[in-house]
Amino acid sequence: MTWCKKIPASWLLRLVLLLALGGCDVGKQATSTKDSYTVYRHSMDGAPSNLDPARASHIYANFLAVNLYDTLYRYKYLARPYELEPNLAENLPQVSSDGLIYTIRIKTGVHFIDDPVFPQGKGRPVNAQDFVYSIKRHFDPATGAQGAWLWQNRILGLDEWKKNGSDHGQEVTGLRALDYRTIQIQLISPYPQLLHTLTQGFSAIVPREAVEFYGRELAVHPVGSGPYRLASFNTAGAVMVRNTGFRQEPFSLANEGYNPALQSKYGLEHLEGLLPPFMDRIEVEFIAEDAARWNAFIAGELDFIKAPVSQFDQVLQSRDPLMLKPTLADEFHFQASLESGFVHTDFNMDDRRIGYHPDPVQNARNKALRCAISKAFDWEKRNEIFYYGIGQVFPGIIPPLAPEFDPDQDRTAIKRDLNTARHLLRNHGWNAGNLPELEIGFTSSVTERQMFEQFRSFMADIGYPRNKIHPLTFATYGDYAQAFLNREVMLITTGWTMDYPDAENTIQLFYGPNASPGSNTANYNNEEFNRLYRASATMQASPIRTTIYRKMNRIVIEDCATISGISRKLILLWNRDLAMLPDRSFLGGHFFRFAGRGESNEKNKARQ
Amino acid sequence: MRTILQQIIRGLLLILGVTFVSFLLMVWFGPDQTYTLIGKNATADQIAEVHHQLGYDRPFSQRYLDYLGELFTLDLGTSNSSGEQVSSILKRTLPVSLALMLPGFIIGNLLGVVLGMIAAFRKGTWSDRLITGLSVSGMSISFLIIIIALQVLLSTPYGLNLFPVRGWHVEDLSSYLAYVTVPTLSLIMVTLGYNTRFYRAVFVAESSREHILTARAFGASPATLMWRHVLKNSLVPVTTRILFSIPLVVISGSLLIETYFGIPGIGKVSFDAITSGDQPILKAVVGLTAVSFVLVQIVADFIYRLVDPRIA
């Protein structure tokens, strides 16, 4: 490096140079010294703290868990809308005619990775009992699991098993290994989302030996049968290396739902017939700070980034159509996709100042107030200022990525209408003097505070006094969650990431019995809605069920229980020398095994 | 012997005081981790279950006594968030923080001493004003701005693009230098101002003492004056500042540096523990910091006697 020699040799700079010289030699080689084998460097905007599948509640943990462990099912890599695909399961399940009994065969010859927990350190074959044990763990208080809600009151005898002391020696009627390879799940009532739950990290298969050997430290010593095994894990990142014993299943574009019209530009054809996982090593960097993540990506230290909103100006050439700046388009692939969830602000219906009231007159006044606030909310401005104007605003609680979303639905609910809002207030006797004090809850951050101020300015336009709208701030999300789960927050802004591609997952957010501390943070309780929810809960996906979902959506809109919502657009960028299609929603971390590179293809061919 | 005993008793009282106050703050004002550990759609029973597992329903006195027992036996338990043994976390992160912070700490202090000395010796001249002015400027710039500016300048294609933007894949000396250089420069830039101002004030005070005037009258050269008389006689405050910074450097690490440079040290772990309310980690960090201060105090006392026989 010539610049090193040009620096004046004053004593101070010499000292700095002493350090810099080392950097001159190796600084940028740090990520290329591994060129002898293939590496994919992924970035995440948050960090998992725990890799135990039973505690993989965050998208970040789930991304890693599904690579370190096996799930019975996953989604097809390329098919959109998402389609289920057997993973460790041999096929899709056999389902009894009443929809209550699922029989699933798992593949043969699948082994856990070698680990000291096994005799002679050799990974043993995965069997049906491992799956049974892994689900039961969620109902064992010792696990501290976070996924029990997926199967609670669903599987015959499982809740009773927990009540009886979670003895792993005791069988559960509805969750059994019929033989070495066959799993049988018996449901209390039909559960159309069951297979979706078996794609998630929560359902990943853990060997009992590992749980007993490592105890709580299983969280940092994963022992699974997934495509990768963990090499290192800390607060800054995780490194996973290829599981050399992973089952050999050639990659098939047709089977993964390849759509040449939309996906041919990603170079995936070269991967046809090769054996996943294609990369020898996956390095995942946890970088919450936007500037640091972007700098690392631009400097070539990362292969993938979800571009931070703060960088959209530098990334996008135009918003409609969404186009990348030419300089970036030469170097990177790009995909704009909607998040699989939405952001919404719920009214706490349990709060008599704004929600349900035993006095019918006041109840009607409160509803008018909620509707007036919703009408005064300017989604266009919210989107423009905080989401770069590229988020998708939609009415109600079925987000655009849900298969049941209605693109032609009436959008009146999300159009700002100040006259109607003012009329509603006036007609129901609300004025600046008697309007209640509003408390808006949020975690302490600059952006959240800005959003609050924007909300206050929206309300000022209908005559809501600014001094009657207060921030209710919390230092951490945990504190905030504690407050709204205890029904102490009047207006609750939260985001919900869908767990599976079925609108049931967002509709249940307003089901009465799910009220706080459940996921119905609005504490909404509408009898007709509840009845429809119960009716649809056991129905398989069908046009009739979709009609019911949409009806429930309209009920929530008409009751003005929430100001909703927006699905943010994610701008994903990745290096052009990669052959892959990343995913941040339902497929999630499963795509890692299909991430390929030019040189990896050659190596992969050689291996076969 | 009596002095050592007195110091140990004082140290134990200090540890008790620090741990008690910290634990009180953790319990009363720290986040309730229950709500970050429960899953979606948790029932009241499940919330109570997690609350119980975290030990929040036990009496304060019992929890505090357990804490003291953990510190005494060095059995620090497991992190509520990750499930990893706290001792493993410390073993993994402390050396990283030490390797990260030490060069900046040493160079920052050495440069501070040298610049402070130059400024003190040339008090009132343009070089003093320049050093003081630069020090104040350095103190005024946000640490975050310095970090981001140096990252952009030295590590990205927008600048010289010489060093890794972030990470800590240290395998040998050259990779260590590659990863530590920019964080070290950031640390030096942010601490140099404070160090220089402090050392200048110490040296100026020492320079105005009678024995310096006497030495000057005897015709001592400026170098002899500064190194032999001023620096030597200032060693007590200099030692105090350096020694008492060590526990903070070693144990607290530097959150911003570790976060922005993606370095898996104790600073980030401590910060995450504070924001999430992971009490086992917090208790360990607080306890170890208190113990380190006591040890440093004992070492400092010993060094004082070495550098200034009047204290003995």
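Annotations for the structure displayed:
- Estimated at 0.36 nm per residue, the fully extended path between B:VAL136 and B:THR73 surpasses their Cα-Cα distance by 18.1 nm.
- Chain B: angle of helix B:86-121 to the longest principal axis, Cα-based, in degrees nearest 10: 20
- Stretch gain in nm, segment A:VAL361-A:ASP45, where the contour uses 0.36 nm per residue and the Cα spacing is subtracted: 109.0 nm
- Charge dipole (the protein assembly as shown, unit charges on Cβ, about Cα centre) - positive-most of A:PHE139, B:ILE274, A:PHE278: B:ILE274
- Between 0 and 90 degrees, the angle of helix B:235-247 with respect to the longest Cα principal axis of chain B falls at about 20 degrees.
- Gap separating the Cα centres of the stretch B:173-197 and the stretch B:243-312, nearest whole Å: 18
- Using a simple spin-label model with pseudo-atoms 7 Å out from Cα toward Cβ, B:ALA205 and B:VAL27 lie 4.0 nm apart.
- Sites A:THR443 and B:ILE298 - FRET efficiency at Förster radius 41 Å, r taken between beta-carbons, to 0.05: 0.45
- Whole-angstrom gap from the stretch A:210-264 to the stretch B:1-69, using each part's C-alpha centre: 37
- When A:TRP151, B:TRP126 are sorted by how many other C-beta atoms sit within 10 angstrom of their C-beta, beginning with the fewest, the order is B:TRP126, A:TRP151.
- Inter-part distance, the stretch A:86-155 to the stretch B:117-146, computed on C-alpha centroids, equals 65 Å.
- Listed values for the stretch A:460-468 are Karplus-derived 3J(HN,Hα) couplings in whole Hz (6.51 cos²θ - 1.76 cosθ + 1.60, θ = phi - 60°), namely 4, 5, 10, x, 7, x, 4, 6, 9, and x replaces Gly and Pro.
- Think of the stretch A:327-427 as a dipole: +1 on every Lys or Arg Cβ, -1 on every Asp or Glu Cβ, centred on the Cα centre; then among A:GLY341, A:ILE414, A:TYR387, A:ILE414 lies furthest on the positive end.
- Applying 1/(1 + (r/R0)^6) with r as the Cβ-Cβ distance of A:GLU527 and A:GLU488 and R0 = 25 angstrom yields a FRET efficiency of 0.45.
- The magnitude of the dipole of the protein assembly as shown, with charges of +1 and -1 set on the Cβ of Lys/Arg and Asp/Glu and taken from the Cα centre, is near 2440 debye.
- For the stretch A:436-552, the residue among A:GLN454, A:THR497, A:TYR549 whose Cα projects farthest onto the positive side of the dipole built from Cβ charges is A:TYR549.
- Rounded to the nearest 20 debye, the dipole size of the stretch A:414-552 about its Cα centre is 500 debye, using +1 on the Cβ of Lys and Arg and -1 on the Cβ of Asp and Glu.
- Eligible aspartates and glutamates near A:LYS375 by straight Cα distance, threshold 13 Å, same-chain separation 8 or greater: A:ASP417, A:ASP461, A:GLU558, A:ASP559
- Label-point separation in nm, A:ARG124 to B:TYR158, each point 7 Å along Cα→Cβ: 5.6
- Once both labels are positioned 7 Å from their Cα atoms along Cα-to-Cβ, the gap between A:ALA329 and A:ASN164 label points is 6.5 nm.
- Dipole magnitude of the stretch A:389-447, debye to nearest 20 (Cβ charges: Lys/Arg +1, Asp/Glu -1, about Cα centre): 320
- Other protein chain Cβ atoms within 10 Å, averaged over every residue that makes up B:13-20: 0
- Potential extension, A:PHE213-A:THR547 segment - 0.36 nm per residue separation minus Cα distance: 115.2 nm
- Viscosity 1.306 mPa s, 10 °C: Kirkwood-radius Stokes-Einstein D of the protein assembly as shown over Cα pairs, µm²/s: 52
- At an R0 of 22 angstrom, the distance between the Cβ atoms of B:ILE4 and B:LEU306 translates into a FRET efficiency of 0.90.
Computed from the coordinates by the stated procedures, all read-outs in this text should not be read as laboratory data. Fair warning: this is a prediction, and the values are worked out from it, not measured in the lab. Backbone-built Cβ (ideal geometry, glycine too); neighbour counts: all protein chains shown.
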